[in-house]
Amino acid sequence: MKVSMKSGAMALMLGMTALPGIAAAENVLKWGSQRDIFSLDPYSIGSTSNLAFLNHIYEGLVRYTPTFEIEPALAESWEFIEPNIWRFKLREGVTFHNGASFDADDVMASMERVSHPDSPLRGNIPTFVSATKVDDYTVDLEVQSANPLFLNDMTNIFMFDADWLRDNDAMGPTDIASDTQNYTSHNTNGTGPFVLVERIPDTRAILDVNPDWWDEAKHNLDRIEFTPITSAPTRVAALISGEIDLTDAAPIQDVRRLEATPGVRVETGSDLRTVAIGMNRQETLKDGRESPFNNADLREAINLAIDRDLINERIMSGLANATGVLVAPAIPGYDEALDTYEHDPERARQLIKDAGFEGLNFVLQCSSDESINEEQACQALISMLTQVGLEPTLDIAPRAVQSPKRSNLEADMYLLGWANEPTLDAYSMLVQVLSTQDGAAGLANYGGWSYPEIDRLTQEAATTMDRDARLALEAEALAIAKEENVMIPLWQQPMVWAMSDDIEDITIRPDNKPRHWLTVMSQD
């Protein structure tokens with residue numbers, strides 16, 4: 001039986017009122033981020049930063065350990081009852097932040113909502129078919145066929161309270177790209193380790209510890225104060241002055257300065273995210289011209305024009321990993337033999353001349369707050385493409401402005417960063433980015449391309465249970481993408497976290513996701 005405490009005077013307006021009984025916060029983590037939260041609905045956009053923040057509030061049936069192993073979360077266990085049906089036994093005694101109990105009805109409502117045709121996150125579970133309630137604490141999830149990566153996909157599918165959705169007319173999905181909003185866009189009600197008690201967009205979000213969390217806390221935090229600070233110099237100044245304790249987006253040009261600052265320590269590494277160029281491959285561009293990017297020689301010329309090593313040295317402080325393949329070395333499906341690239345501007349210039357594209361004008365769309373040093377990198381790309389005879393111009397704006405244009409296939413050329421989350425397998429890149437747009441496939445195919453052989457290999461990989469065989473299929477598909485320059489890989493971006501000595505222990509993994517339910521503040 002589901003217990004609801006959402007009516008009348010017992011309603012708790014999350015996002016406005018702190019939970020009672022929490023004393024003045026002692027251990028406060030002041031977290032300075034590069035960007036604000038796009039939405040409080042985790043289904044509204046497939047943004048790693050948005051999902052990472054909301055994972056402190058919401059949880060899935062399963063989750064990753066810090067070493068990326070699958071472990072139980074809101075589901076205690078699971079098993080195959082048919083080759084294409086997963087049976088999940090749900091954890092009993094879990095409550096949402098408003099006091100309502102968690103059960104099978106919540107899973108049913110959540111799966112229906114996230115798999116809705118208008119849900120931006122439906123691509124994260126491309127093989128999901130339906131959910132069936134067996135009893136109050138047992139749910140069957142059907143997939144199209146045997147799928148070795150379904151549990152990986154489910155780590156980012158957070159569970160909602162069905163009654164809360166229904167009572168607030170929020171059963172339908174929201175979408176940042178189309179500016180579709182409802183109650184979930186501005187309010188929260190999860191089961192996770194922290195509760196949202198205040199949010200002022202572009203200013204701050206306050207999370208207090210959830211005293212009724214079902215799991216054993218490994219952190220010692222009472223409160224998290226999240227502050228978006230878009231200016232890199234301001235983030236650095238805030239850290240040095242003690243206004244924030246942590247930034248997970250320290251500017252790479254300030255690494256040496258921060259390392260030399262007393263009371264500050266810096267952690268660097270390579271992100272899983274590969275930044276790549278995408279091109280409009282529809283028949284016509286937004287302005288009505290026939291798309292020139294359907295010409296293979298032009299795409300090859302663009303690839304040859306780019307000096308990845310120079311960008312890494314001059315703009316990324318040598319901390320990026322220049323690459324010729326669309327997935328990082330740590331991602332299963334990566335093939336070292338494909339990780340080659342060449343810089344040959346003379347050949348690029350000749351290809352452009354022979355194909356009749358000298359003086360071709362187009363717009364490169366970039367975001368000022370998405371990838372590391374993206375604006376400077378895009379300016380360098382503009383210069384390199386100009387030097388080989390093209391006439392590109394730069395469209396630079398915040399991601400909130402650029403994302404709808406990209407999602408609606410309006411960009412001539414654009415940058416995209418892809419970390420292969422939550423699957424942590426090349427299948428994510430293949431099914432969501434490189435596949436033809438069709439249902440849950442190709443949701444991040446913002447160029448409108450279609451390669452039937454990539455589609456076939458991706459679909460076969462989705463049902464191949466033997467790991468080695470699956471990875472071989474994925475590598476074959478990535479080889480086609482490389483040969484055809486479907487997208488042009490540039491680099492895996494650097495990852496730089498900087499923090500005060502007040503942080504005693506913190507978990508940093510190459511997916512670049514904060515996990516503050518594991519963070520410990522110093523008691524000194």
Please work out if residue 160 is touching a strand residue (DSSP E or B) at 6+ places or on another chain (Cβ under 6 Å) and closer than 23 Å to residue 61 by Cα. no
Taking segment 346-357 only, how many residues are on the phi > 0 side of the Ramachandran plot and open to solvent by less than 40 Å² (accessible area, probe 1.4 Å)? 0
Matching residues in segment 285-335 - criterion: being charged (D, E, K, R) and either part of a loop (DSSP other than H, G, I, E, B) or surrounded by fewer than 17 Cβ atoms within 10 Å (Cβ to Cβ) (or both): 286, 287, 289, 290, 297, 307, 309, 313, 314, 335
Only one of 204, 257, 273 is more than 25 Å from the chain's Cα centre (by Cα) and either under 29 Å from residue 425 (Cβ atoms) or surrounded by fewer than 22 Cβ atoms within 10 Å (Cβ to Cβ) (or both); which? 257
Could you please find all residues in segment 434-478 being of a type in the set (A, V, I, L, M, F, W, C), under 22 Å from residue 46 (Cα atoms) and open to solvent by 40 Å² or more (accessible area, probe 1.4 Å)? 443
Show the residue pairs meeting these rules: Cβ distance below 6 Å; 6+ apart or different chains; first residue within segment 170-182 and more than 19 Å from residue 159 (Cα to Cα); second residue among the polar types (S, T, N, Q) and open to solvent by 30 Å² or more (accessible area, probe 1.4 Å). 177/407
Condition (residue is in contact with a helix residue (DSSP H, G or I) (Cβ under 6 Å, 6 or more places away or on another chain) and modelled with pLDDT under 95) applied to segment 153-172: is it met by at least one residue? yes
Say we look at segment 358-389 and pick out the residues that are open to solvent by less than 50 Å² (accessible area, probe 1.4 Å) and free of Cβ contacts under 8 Å to residues at least 40 places away in the same chain; which of these is farthest from residue 316 (Cα to Cα)? 359
For segment 193-217, name all the residues that are of a type in the set (D, E, K, R) and within 26 Å of residue 103 (Cβ to Cβ). 208, 212, 215, 216
Residue count, segment 101-118 (criterion: of a type in the set (S, T, N, Q) and either open to solvent by 10 Å² or more (accessible area, probe 1.4 Å) or at positive phi (or both)): 2
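The values are calculated or read from the model by the stated rules, or taken from the named source; none is laboratory data. Quick caveat: nothing in here was measured; it's all calculated off a predicted structure. For neighbour counting, all protein chains shown are included, and Cβ atoms are generated from backbone atoms with ideal geometry for every residue, glycine included. To get the accessible areas, we keep the full protein, side chains included, count just its heavy atoms, and leave off ligands, DNA and RNA. Shrake-Rupley method; radii C 1.70, N 1.55, O 1.52, S 1.80 Å.
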